[in-house]
Amino acid sequence: MAAKLRKGDKVIVLAGKDKGKTGEITSVDPKAGKAVVDGVNVAIRHQRQTQSEQGGRLPKALPIDLSNLAIVDANGKATRVGFREEDGKKVRFAKTTGDVI
């Protein structure tokens, strides 16, 4: 099945503690149904100091469920994703505007 949300997509969070925040998808795990979004669902992780790098409290973006994300259309609103065929290729489009993503 084709992926509705992919790496590099601009998305908005629909539910949870970060509801309303937007960001770009950095990675997707389709098997688990989760994605990592920049600046969303950030937790502090403690890193031990090593010879090569500095330790301390580092912010880390944790995965968020795909069902809590929606792609952002050209107007900056949340939209659902549809599929259609154009010139023999399957493309994704925004349901609100009809524009190809």
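Structure above, values below:
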{"quantity": "Lone unmet requirement of (1) in contact with a strand residue (DSSP E or B) (Cβ under 8 Å, 6 or more places away or on another chain); (2) surrounded by 12 or more Cβ atoms within 10 Å (Cβ to Cβ); (3) not aliphatic (A, V, I, L, M) for Lys77", "calculated": "(1)"}
{"quantity": "Those strands (runs of 3 or more DSSP E) lying entirely in segment 55-101 with at least 2 residues of a type in the set (A, V, I, L, M)", "calculated": "56-61, 69-72, 89-94"}
{"quantity": "Any hit, segment 22-37, residues being at positive phi and over 13 Å from the mean Cα position of the chain (by Cα)", "calculated": "no"}
{"quantity": "Verdict on Ala15 being among the hydrophobic types (A, V, I, L, M, F, W, C), assigned to a strand (DSSP E or B), open to solvent by less than 50 Å² (accessible area, probe 1.4 Å) and touching a helix residue (DSSP H, G or I) at 6+ places or on another chain (Cβ under 7 Å)", "calculated": "no"}
{"quantity": "Residue check, Val28 of a type outside the set (Lys, Arg), surrounded by 14 or more Cβ atoms within 10 Å (Cβ to Cβ) and part of a strand (DSSP E or B)", "calculated": "yes"}
{"quantity": "Flag for Lys10 being within 18 Å of Val100 (Cβ to Cβ), at pLDDT 95 or above and open to solvent by 50 Å² or more (accessible area, probe 1.4 Å)", "calculated": "yes"}
{"quantity": "Tabulated pairs, segment 51-66, first open to solvent by less than 40 Å² (accessible area, probe 1.4 Å), second of a type outside the set (A, V, I, L, M, F, W, C) and not in a strand (DSSP E or B), C-beta under 6 angstrom, 6+ apart or interchain", "calculated": "Gly55/Arg48; Gly55/Gln49; Ile64/Asn41"}
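The values are calculated or read from the model by the stated rules, or taken from the named source; none is laboratory data. Since this is a predicted model, take the numbers as computed values, not measurements. All Cβ positions, even for glycine, are placed from backbone atoms using ideal geometry, and neighbour counts span all protein chains on display. Protein only, heavy atoms only, side chains kept; ligands, DNA and RNA dropped before computing areas. Shrake-Rupley method; radii C 1.70, N 1.55, O 1.52, S 1.80 Å.
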